[in-house]
1. Return the single residue from HIS162, HIS53, HIS74 with maximal mean-square fluctuation; model: Gaussian network over the chain, springs between Cα atoms under 10 Å.
2. Give me the percent relative contact order of the chain, please, defined on Cα pairs under 8 angstrom at least 6 residues apart.
3. By its C-alpha gyration tensor, with a ≥ b ≥ c as the square roots of the eigenvalues, how is the range 1-107 shaped: rounded for a/c under 1.5, else prolate for a/b larger than b/c, else oblate?
4. Name the residues of the range 65-102 whose amide N is less than 19 Å from a point 7 angstrom out from the Cα of LYS42 along the C-beta direction?
5. How big is D for the range 140-198, in µm² s⁻¹ as a whole number, if Stokes-Einstein is applied with the Kirkwood radius of its Cα pairs at 4 °C and 1.567 mPa s?
6. In whole Hz, with x marking every Gly and Pro, tabulate ³J(HN,Hα) for the range 187-197 from phi via Karplus 6.51 cos²θ - 1.76 cosθ + 1.60, θ = phi - 60°.
7. Rg and Dmax of the range 13-75 over Cα atoms: what are they, in angstrom?
8. Which of the lysines could a cross-linker bridge to LYS117, judged by Cα under 18 Å and excluding same-chain residues fewer than eight apart?
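Every number in this text was worked out from the coordinates using simple rules, so none of it is lab data. These figures come from a predicted structure and were not determined experimentally. Cβ placement follows ideal geometry from the backbone for every residue including glycine, while neighbour counts extend to all protein chains displayed.
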Amino acid sequence: MKTFEEKKFNIPTLKGISAKNIEEHLKLYAGYVKHANLIVTKIAELSKNTDAHAYEIGELQRRFGFEFDGMRNHEIYFASLEGGAQPLADNSSLRGDIASEWGSFEAWLSLFNQVAKTRGIGWAVLYYDKKSDRLMNAWIDEQHLGQLNGATPILMLDMWEHSFVADYHPSGKANYIADFFANLNWSAIEKKYSEAVK
Ligand SMILES: [Fe+2]
């Protein structure tokens with residue numbers, strides 16, 4: 001049987017977000033990989049007698065999206081912090097397309113900040129939808145509720161408390177968001193966008 005593999009990330013020293021927090025956060029990511037694999041394996045085992053295990057299979061299947069998206073969301077989050085902070089070039093297509101959609105990069109950033117401050121645990125996401133050729137913001141509850149079918153996540157900001165409370169305290173969301181943006185490797189994000197648009 002195929003298995004999902006835990007990816008390794010080379011995260012440099014970050015502004016505001018401690019190495020210890022990243023270390024702990026990577027352990028949580030590893031847990032999603034482990035549980036995505038566990039669900040697939042368990043369902044295969046229980047499928048030997050679907051009638052006897054109908055309820056268990058249904059419940060495991062229901063939670064699969066949570067574990068799978070938890071794995072993928074974190075891979076996008078950590079990848080955007082690799083390689084050190086890099087600005088989004090003034091002439092980049094992503095900056096231009098954000099400005100076309102929202103008026104200016106700054107207008108989008110302000111709106112994205114509001115999305116990130118949505119109450120509860122989840123993710124703020126910038127998606128690109130190829131079918132409509134447009135960028136969209138979204139809020140995802142937990143790891144999976146609100147993912148946009150077929151659209152590619154370009155930027156994902158983890159707004160679960162585990163991602164910031166150790167460094168910023170519960171009241172420090174705004175500082176965490178500001179530091180996340182200060183730490184981003186926009187050239188990696190721009191590359192991801194170019195591949196999605198292709
Ligand atoms: Fe997380």
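1. Judging by the Gaussian network model, the answer is HIS53.
2. Values: 259 pairs, mean separation 52.5, N = 198.
The value is 26 percent.
3. Working: a/c = 3.51, a/b = 1.96, b/c = 1.79.
Note, shape of the range 1-107 comes out prolate.
4. Label zone hits: 65-72.
5. Details: Rh = 13.3 Å.
It comes out at roughly 98 µm²/s.
6. 5, 5, 5, 4, 5, 4, 5, 4, 5, 5, 6
7. Considering the range 13-75 through its Cα atoms, Rg and Dmax are 15.8, 53 Å.
8. LYS173
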